[in-house]
Amino acid sequence: MIPDSSLRDAAVEKIIGTANPHAIATGFALGPGPAHPLPPEVRDAAVAAAESDFVQGSQLALGVAASMLALVSASFIGGTRTQNSRNR
């Protein structure tokens, strides 16, 4: 991010001016990527923490979805029973 607006505008103009509209997007991903700036042990700890958070978030979302399904099912069954008792 470029904080100076005049430099930022110049960079945007340069990028847009030299852009190739016919470029293939996969061409940008060829070759080895840049070296990761973090040491391997820090990167591994960050990946492990992210995986743990992802799993916990998935479990929470699944729990909320199951609870909502149970609530909607119970209200539907309760509403159906109420309608059937009124029709008798």
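Just so you know, all these numbers are worked out from the coordinates, no wet-lab data involved. All of these numbers come straight from a predicted model, not from anything done at the bench. Quick reminder, even Gly has a Cβ in these numbers, built from the backbone with ideal geometry, and neighbours come from all protein chains shown.
With both labels modelled 7 Å from their Cα along Cα-to-Cβ, the residue 22 to residue 48 distance reads 5.1 nm. Net charge around residue 17, counting only other residues with Cβ within less than 15 Å of its Cβ (Lys, Arg = +1; Asp, Glu = -1)? After counting each charged neighbour, the total is 0.
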